[in-house]
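Visitor: Take a look at the following structure, please.
The numbers here are math on the coordinates, done by the rules we state, and not lab data. Keep in mind that what you see is a predicted model, and the values were worked out from it rather than measured. Here the Cβ is made from the backbone with ideal geometry for all residues, glycine too, and neighbour counts use every protein chain on show.
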Amino acid sequence: MDSQYFLGVLHFVIQPASLFTMVVSVFFGLVVGMLPGLTATMAVALLTGLTYKLSNEVAILSLIAVYIGAISGGCQSAILMNIPGTPASAATAVDGFPIGQRGEGGLGIFVATMSSCVGTLTGTLCVLLLTPPLAVLALKFGAFEFFLLALFGVMICGQLTAGTDPLKGWISGILGLIVSQIGMDGMNAYPRFSFGVIDLMSGIPLIPVMIGLFGFPEILYGLVSSTARAQVKTTSLEMKKGFAILLKNKLNMLRSSLIGVSIGIIPGVGEDVAGWLSYWAEKKSSKTPEIFGKGAYEGVVAAEAGNNSCIGGAIIPVLSLAVPGSAPAAVLLAALWLHGLRPGPLLMSETPGFVVDISVYMAMSAITMVFLALIVSKATVRILSVTSTILMPIVYVLCTVGAFVISNSIFDIYLVFVFGVIGLLLRGMSYPAAPFLLGIILGPMADNSLRRALILTSGDPSPFFTRPISLIFASAIILMALSQLNAFGWLRKLLAHDELKE
Amino acid sequence: MDKQTHFDFVTSIGLMILSLVMIVDSYRMGIDVGGALYASPGMLPMVLALLLLLTSAMLLRRSIRSGSVRQHLAGFVSWFNAFGKSLMAREMMLGALILALYTFLLAPRLPFWMSTSIFMILLMAILRATSLVKNLLITALVVGSIYGIFQMIFHVPLP
């Protein structure tokens, strides 16, 4: 049965129109990923609006292709300019730029691009293998579990994206959940926090919020910082040498890819964390950790395999639970909804071939990405010489067009600006934007699930702590909260005090 | 003292006020709709408002531990004054103002090609991004491409 789906989707992908869409989208992703300040989230959000009128298959192929292109493209500016094109490539720059400075920029780009491809393909394999069992597990989820899953997702995302200050990550997530409550509620059609504004009564649409939150601050910072960029030259690719390096790093690639997939499955965390964790794991396990930071290919391989495999990891919960694993995956989820698809526990029974479709799109995009990135790398890096004062006005125009075309509403353009200012404030005060976004995505699920659960039990909250899956989520949430309250520190002190007494 | 601590102090108070307003509003929703509170549209907003109150109180407690209320207020005011005088802040404000002009005035009132041309020429000229000829060429190319691709090929309406 799966082979039938596989052949069907393969037949669609090799059609000239699909191939053209894929090549253009991967190229667009590579360019966006390469340009510092423009992120994969923004690229996917922008393209969601721009591909809205296309057929479901073409639009989703395009979004997957741009996602993969954007995450992979970041390595080129990291290696040649020491500026990660996207946050996902930050770890790549640590060893990538010294490689570029050494006059091995071409080889560095080849190794990074191939590692990205291997990472994406590993992620794709995991999508195929892990989505069906996770969707089966998700069928055991009831209203109690879905509410706690939403809360857990926002909390863990806040915990992991806020650096040393999880409290700010949680506040950001709660604010996102609050924003999601604006508009008519799903059960009583009561207009919440709408203040009589008709546009607000239909709720806050996701795409303008995402474009504003992630794009606007970058545009504004880009407008005021048009400094010339120091750039090292792209040298020849030296593919033979590159393959030898990759062969030497096969275990590194496998470990980093698995780390990336695991990080991707955690709601809202994303590719940047995956890149750093994979890099850190490789450095820790290396017999020569002192060479890291000085142009070690091992570091580049680990970071790129890690951040790209995270794409697959992030898509797994999107398909099985309708919970995004990263910020770009959150936009992808919104795009799937826009196109009338219903990712979640019922996906496997309603559209059983969809997981195969997504996997083939991913694999084909990864292969296209390798060819495009290597063929056009010398030309595309020239785009980096365009100053941000020219680029950012163009990007803002595209942002407004992308936000407008989804529902042909001027109000959506206003939202881009308003949420852009909110994104700017969040960044200025060190609040991560990812939990805010995840809160907006998971808010409706949390609302409906909480009320449905309490109606089922006539207001009795005990099943939140007695049902097995709920108990796991509830325990994790409580442990996270206690760790922030320093409860374990107090406990340790108390135990030490008792020992002294004895 | 770190400026972030001053920000934390001010934002925690703002967030606490917001959460209190939300608690009242959520309670009102329950009364408006009737029935049990747990089934009312105000249930999750109430829970979220309580969580926001709790977390912002923790933030306030943390910032107060690092300095007195007076120190935080003075620190915030002096940061605000310095921010207003900095060149980067002024440039950012100017940039934001032009983006706002395009978003709220030009885009809703004028046809796409006209509003976007005015916006791009004006912004690139103010930022001294390039020469006037190049500015006009880039604007024409961008507006023409977007108009051609979306309006003429895909028949997508533009703002």
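Visitor: Which aspartates and glutamates, if any, have their Cα less than 12 Å from the Cα of residue A:248, not counting same-chain residues under 8 positions apart?
Guide: Answer for residue A:248, where 12 Å is the Cα cut-off: A:298, listed by chain and number.
Visitor: What list do you get for A:331, A:386 if you sort them by fewest beta carbons within 10 Å?
Guide: Fewest-to-most Cβ neighbours within 10 Å comes out as A:386, A:331.
Visitor: Amide H neighbours of residue A:192 under 5 Å, at least 5 residues apart or on other chains, H built in the peptide plane: list them.
Guide: Hits under the 5 Å cutoff: A:183, A:184, A:185.
Visitor: Looking at this model, which pairs from A:140/A:168; A:493/B:3; A:241/A:294 are more than 21 angstrom apart at the alpha-carbon?
Guide: Violating the 21 Å Cα-Cα cut-off are A:140/A:168; A:493/B:3.
Visitor: Counting partner chain Cβ atoms within 10 Å of every residue's Cβ in A:402-414, what's the average?
Guide: The mean count of partner-chain Cβ atoms within 10 Å per residue comes to 3.
Visitor: Using only alpha carbons, build the gyration tensor for the stretch A:117-170 and give me the equivalent ellipsoid semi-axes, biggest first, whole Å.
Guide: 26, 21, 4
Visitor: Now a separate question. Using a 10 Å cut-off around each Cβ of peptide A:200-209, what is the average number of partner chain Cβ atoms that fall inside?
Guide: What the average comes to for A:200-209 is 0.
Visitor: With every atom except the alpha carbons ignored, what do you get for Rg and Dmax of the stretch A:1-49, in angstroms?
Guide: 14.3, 44
Visitor: Cα convex hull of chain A: how many Å³ per residue?
Guide: Normalising the Cα hull of chain A by residue number yields 172 Å³.
Visitor: Which of B:107, B:82, B:39 moves most in a GNM of chain B, Cα contacts under 10 Å?
Guide: Of B:107, B:82, B:39, the most mobile in the Gaussian network model is B:39.
Visitor: Let me confirm one metric for peptide B:138-150, namely the mean number of other chain beta-carbon atoms within 10 Å of its residues' beta-carbons.
Guide: 2
Visitor: Could I ask something else about it? Taking a ≥ b ≥ c as the square roots of the Cα gyration tensor eigenvalues, with a/c under 1.5 meaning rounded and otherwise prolate when a/b beats b/c, else oblate, which class fits the stretch A:402-502?
Guide: It comes out oblate by the Cα gyration axes.
Visitor: Measure of size requested: the Rg and Dmax of the stretch A:259-368, with Cα atoms as the atom set and Å as the unit; please supply both.
Guide: 16.2, 53
Visitor: Right, next: In terms of the Cα gyration tensor, with a ≥ b ≥ c the square roots of its eigenvalues, is the stretch B:116-159 rounded because a/c is under 1.5, prolate because a/b exceeds b/c, or oblate?
Guide: Prolate shape, in that a/c is at least 1.5 and a/b is the bigger ratio.
Visitor: Moving on to the next point. What list of ³J(HN,Hα) couplings, whole Hz, do you get for the stretch B:100-116 from phi and the Karplus terms 6.51, -1.76, 1.60, once you set θ to phi - 60° and write x for glycine and proline?
Guide: Along the stretch B:100-116, the couplings run 5, 4, 5, 5, 9, 10, 6, 4, x, 9, 10, x, 3, 4, 6, 4, 5 Hz.
Visitor: Now for a different question. At a 10 Å Cβ-Cβ cut-off, how would you order B:91, A:298, fewest neighbours first?
Guide: Taking fewest neighbouring Cβ atoms as first place, the list is B:91, A:298.
Visitor: Now for a different question. Please find the FRET efficiency linking residue B:79 to residue A:483, where r is the Cβ-Cβ separation and R0 is fixed at 41 Å, and quote it to the nearest 0.05.
Guide: With R0 = 41 Å, the Cβ-Cβ based efficiency is 0.85.
Visitor: Given charges of +1 on the Cβ of Lys and Arg and -1 on the Cβ of Asp and Glu, with all other atoms neutral, how large is the dipole of chain A about its Cα centre, in debye to the nearest 20?
Guide: Here chain A has a charge dipole of around 820 debye.
Visitor: Something else about it: Hey, any idea what the orientation-averaged projected area of the convex hull of chain B's Cα atoms comes to, in nm²?
Guide: Its Cα hull, projected and averaged over all orientations, spans 15.3 nm².
Visitor: Run through every distinct alpha carbon pair of the stretch A:99-217 and return the Kirkwood hydrodynamic radius in angstroms, one decimal place.
Guide: The Cα-based Kirkwood calculation yields 18.8 Å.
Visitor: Express the Stokes-Einstein translational diffusion coefficient of the stretch A:8-130 in µm² s⁻¹, to the nearest whole number, given a Kirkwood radius over alpha-carbon pairs, 4 °C and a viscosity of 1.567 mPa s.
Guide: 87 µm²/s
Visitor: Can I ask one more? Within the P(r) computed for the stretch B:3-85, what percentage of the Cα pairs occupies the region above 17 Å?
Guide: 55 percent
Visitor: In what order do A:493, B:3 fall by count of nearby beta-carbon atoms within 10 Å, going from fewest to most?
Guide: Ranking A:493, B:3 by Cβ neighbours within 10 Å, fewest first, gives A:493, B:3.
Visitor: Take the alpha carbon gyration tensor of the stretch B:87-153, find the square roots of its eigenvalues, order them as a ≥ b ≥ c, and report rounded if a/c is under 1.5; if not, report prolate when a/b exceeds b/c, else oblate.
Guide: Oblate.
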